[in-house]
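This report refers to the structure that appears directly beneath it.
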Amino acid sequence: MERTLILLKPDCIERRLMGAIVSRFEQKGMNVIALKMLRVTPELSKQHYAEHVTKPFYPALESFITGAPVVAMVLEGLEVIRVVREMLGATSGLKAAAGTIRGDYSCSRQMNLVHASDGAEASAREIPLYFKPHEICEYTPTLRPWFQASDE
């Protein structure tokens, strides 16, 4: 099983799309093993977006991500990092295919609703920024045999 960090960004919260987006992950068969609403502080933003802090666009990014609450969650599943990123679609909602989350709900590059870890290393770095180990609730859904074969 693989894990990924998901952030439902301020535009997602303000537009009341949280339920619709979480529902898509659940319908795909992914396990939500951690979930909470919080305000990203400037300090947390700098940690999360460390590779962008010196770039000219960073002040606008920090202003955006700290401007309203976010919902942070950890999803678990087979190849969950790749699957989630495919479900999200291209970073810009203007370029994202119809049927993807961004293709269906976004028409902006920055206001693209959801952050997802882009790889295993990013996931391992990002999850501890938002969740302490005791906040992650591992479990095996009783429906798992109906989502995946036992040898997957």
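See the values below:
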{"read-out": "The stretch 23-64, residues that are more than 21 Å from Pro133 (Cα to Cα), touching a residue at least 60 places away in the same chain (Cβ under 8 Å) and either more than 15 Å from the chain's Cα centre (by Cα) or not in a helix (DSSP H, G or I) (or both)", "value": "Gly29"}
{"read-out": "Set Leu75, Leu88: member being within 27 Å of Thr41 (Cα to Cα), touching a Phe, Trp or Tyr at 6+ places or on another chain (Cβ under 7 Å) and either modelled with pLDDT of 95 or more or surrounded by fewer than 13 Cβ atoms within 10 Å (Cβ to Cβ) (or both)", "value": "Leu75"}
{"read-out": "Whichever residue in the stretch 1-22 is in a loop (DSSP other than H, G, I, E, B) and over 14 Å from the mean Cα position of the chain (by Cα) and, among such residues, is surrounded by the most Cβ atoms within 10 Å (Cβ to Cβ)", "value": "Arg15"}
{"read-out": "Qualifying residue in the stretch 100-108 (condition: within 13 Å of Leu7 (Cα to Cα), in contact (Cβ under 8 Å) with a residue 12 or more places away in the chain and either surrounded by 12 or more Cβ atoms within 10 Å (Cβ to Cβ) or of a type in the set (Lys, Arg) (or both))", "value": "no"}
{"read-out": "Residue that is out of contact with any Lys or Arg (no Cβ under 6 Å at 6 or more places or on another chain) and at pLDDT 95 or above, where the choices are Ser63, Ser108", "value": "Ser63"}
{"read-out": "Qualifying residue in the stretch 121-128 (condition: of a type in the set (S, T, N, Q), part of a loop (DSSP other than H, G, I, E, B) and in contact (Cβ under 8 Å) with a residue 40 or more places away in the chain)", "value": "no"}
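The values are calculated or read from the model by the stated rules, or taken from the named source; none is laboratory data. None of the values given here were measured: they were computed from a predicted structure. No Cβ is skipped: glycine too gets one built from the backbone with ideal geometry, and neighbour counts run over all protein chains shown.
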